[in-house]
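Enquirer: Can you keep this structure in mind? I'll have questions shortly.
The values are calculated or read from the model by the stated rules, or taken from the named source; none is laboratory data. Every value quoted in this text rests on a predicted model; they were computed, and no experiment measured them. Quick reminder, even Gly has a Cβ in these numbers, built from the backbone with ideal geometry, and neighbours come from all protein chains shown. Just so you know, the surface numbers come from the protein's heavy atoms only, side chains and all, with ligands and any DNA or RNA stripped out. Shrake-Rupley method; radii C 1.70, N 1.55, O 1.52, S 1.80 Å.
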Amino acid sequence: MKNFKIAQPQTIDQVTSLLSEKIEKCYLMAGGTDLLGEIKDEIIEPEVVVDLKSIPDLSYIRKEKDGVRIGVLTSIAELAENPMIKQDYPGLHEAANAVATPQLRNLGTVGGNLCQRPRCWYYRDPQLLCQKKGGFECYAYMGRNKYHAIFGGGPCYIVHPSDLAPALISLDAEISLSSPDGEKTLPLADFYILPVVDVSKENILGANEVVKEIKIPLAKSGEKSTYYKLKERGVWDFALVSAAVKGIMAGDVFKDIKIVLGGVAPVPWRLEKAENIIKGKKVTEELLKKAAREALKEARPLKENEFKKELIETVLYRTTLSLI
Ligand SMILES: Cc1cc2nc3c(=O)[nH]c(=O)nc-3n(C[C@H](O)[C@H](O)[C@H](O)COP(=O)(O)OP(=O)(O)OC[C@H]3O[C@@H](n4cnc5c(N)ncnc54)[C@H](O)[C@@H]3O)c2cc1C
């Protein structure tokens, strides 16, 4: 590992002005659980690492009149243990508990989880220059692709690894970014971009921007949510396929429903067509089969990951039926 400098700013403004100095190879670090892995594996070689944890007051969960605000440095463990989150947003609570291990949840932050880099084994191999790292090829496309995307892939086939992102998107969360020009807020769903837009990154974050806060609308009456994650191993693991579902219930009918999948696409993947099939009708096995069939029409599995289609059907069943 090459030597690098550590900057310890005290405010978000200091972070954005540091980023504006256009130091080549300047990286933000929150808990460091992903960033340090990338440095040790020589995927990145920073000149400067900006330690966000030196900034006070960015770790909080506050219920206010217009929604719940989550500071970007809130640890995943704090999110998982918060009684209000558990009560009002059970899906987010379940997703936070599904992240990695207790140690990683203690160190890892909400912002870091949303901005973590992909786990594709070709991307994480220091000896391979895949497209994401400036090369010309996606090795997964013709190579080993069991864990890769079946939706939204091309020219790169990573899947977004975050458990929190699908859950927060299902809850219509917004993300606030700070830059030297001020603050901007956008739907978290719009934060993420497909490789076809920019293969080198997974979100719209600009070179002088930093994530500051997440906001979730207050839970509505009749709102229920859940998160279900299928993994290859019983212990910690990234999702093979996961689903975050938020429903507004009227008896056993979904007046409204939002379904977001993890582990299947380079971004958290919304199943809007399936939602429209389920909305307003009595939920039966036949209806869910129809919704899954509709969702899977857009699937483009690679050689080794056709199995994800069946898992999608399973998570769709388990999540929706558990809310009725
Ligand atoms: C063994 C292992 C298992 C894991 N399993 C899972 C899992 O099952 N589910 C899951 O969701 N995740 C999993 N993870 C990923 C883990 O959750 C992330 O490493 C963690 O959430 C990142 O948080 P952090 O605060 O440590 O981020 P860091 O490592 O500090 O940063 C991660 C990335 O986000 C950027 N970043 C951090 N904060 C900001 C900010 N405020 N603004 C802009 N950019 C920022 C950094 O520059 C970096 O690129 C696993 C990780 C490991 C090592």
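Enquirer: Taking into account only those residues within region 86-134 that are of a type in the set (Lys, Arg) and more than 10 Å from the ligand (Cβ to nearest atom), which is most open to solvent (accessible area, probe 1.4 Å)?
Expert: We begin by selecting, within region 86-134, every residue of a type in the set (Lys, Arg); these are 86, 105, 117, 119, 124, 132-133.
Filter once more, keeping what is more than 10 Å from the ligand (Cβ to nearest atom): 86, 124, 132-133.
Numbers: LYS86: 119, ARG124: 33, LYS132: 17, LYS133: 52 Å².
Taking the candidates together, the pick is LYS86.
Enquirer: Inside region 161-206, can you point out the residues that are surrounded by fewer than 16 Cβ atoms within 10 Å (Cβ to Cβ) and assigned to a helix (DSSP H, G or I)?
Expert: If the condition is that a residue be surrounded by fewer than 16 Cβ atoms within 10 Å (Cβ to Cβ) and assigned to a helix (DSSP H, G or I), then ASP190 is the only one that fits.
Enquirer: One residue is enough: does region 23-30 have a residue meeting the conditions touching a Phe, Trp or Tyr at 6+ places or on another chain (Cβ under 8 Å) and either free of Cβ contacts under 8 Å to residues at least 12 places away in the same chain or near the ligand (Cβ under 8 Å from one of its atoms) (or both)?
Expert: Among the residues of region 23-30, not one is touching a Phe, Trp or Tyr at 6+ places or on another chain (Cβ under 8 Å) and either free of Cβ contacts under 8 Å to residues at least 12 places away in the same chain or near the ligand (Cβ under 8 Å from one of its atoms) (or both), which makes the answer no.
Enquirer: With the requirement that a residue be more than 26 Å from the chain's Cα centre (by Cα) and modelled with pLDDT of 95 or more, what does region 10-20 give you?
Expert: Scanning region 10-20 gives GLN10, GLN14.
Enquirer: Return the residues of region 241-266 that are of a type in the set (A, V, I, L, M, F, W, C), open to solvent by less than 20 Å² (accessible area, probe 1.4 Å) and touching a helix residue (DSSP H, G or I) at 6+ places or on another chain (Cβ under 9 Å); say none if nothing qualifies. Spell out the reasoning first.
Expert: Here is the first cut: in region 241-266, the residues of a type in the set (A, V, I, L, M, F, W, C) are 241, 243-245, 248-250, 253-254, 257, 259-261, 264-265.
Checking which are open to solvent by less than 20 Å² (accessible area, probe 1.4 Å) leaves us with 241, 243-245, 248, 254, 257, 259-261, 264-265.
Listed by number, the residues that qualify are VAL241, ALA243, ALA244, VAL245, PHE254, ILE257, ILE259, VAL260, LEU261, VAL264.
Enquirer: Name the single residue, out of those in region 52-80 being surrounded by fewer than 16 Cβ atoms within 10 Å (Cβ to Cβ) and of a type outside the set (Lys, Arg), that is nearest to HIS93 (Cα to Cα).
Expert: Only one residue tops the list, namely TYR60.
Enquirer: Return the residues of region 206-249 that are among the acidic types (Asp, Glu) and either more than 20 Å from the chain's Cα centre (by Cα) or within 29 Å of THR185 (Cβ to Cβ) (or both); say none if nothing qualifies. If you could, list the steps in order and put the result at the bottom.
Expert: Restricting attention to region 206-249, the residues satisfying the condition of being among the acidic types (Asp, Glu) are 209, 213, 223, 232, 237.
Listed by number, the residues that qualify are GLU209, GLU213, GLU223.
Enquirer: Residue check: is GLU38 farther than 24 Å from GLU174 by Cα and either open to solvent by less than 30 Å² (accessible area, probe 1.4 Å) or in contact with a strand residue (DSSP E or B) (Cβ under 9 Å, 6 or more places away or on another chain) (or both)?
Expert: Details: farther than 24 Å from GLU174 by Cα: yes; either open to solvent by less than 30 Å² (accessible area, probe 1.4 Å) or in contact with a strand residue (DSSP E or B) (Cβ under 9 Å, 6 or more places away or on another chain) (or both): yes.
So GLU38 passes the test.
Enquirer: Can you find a residue that is within 10 Å of the ligand (Cβ to nearest atom) and under 18 Å from PHE238 (Cβ atoms) anywhere in region 71-84?
Expert: The answer is yes, given that some residue of region 71-84 is within 10 Å of the ligand (Cβ to nearest atom) and under 18 Å from PHE238 (Cβ atoms).
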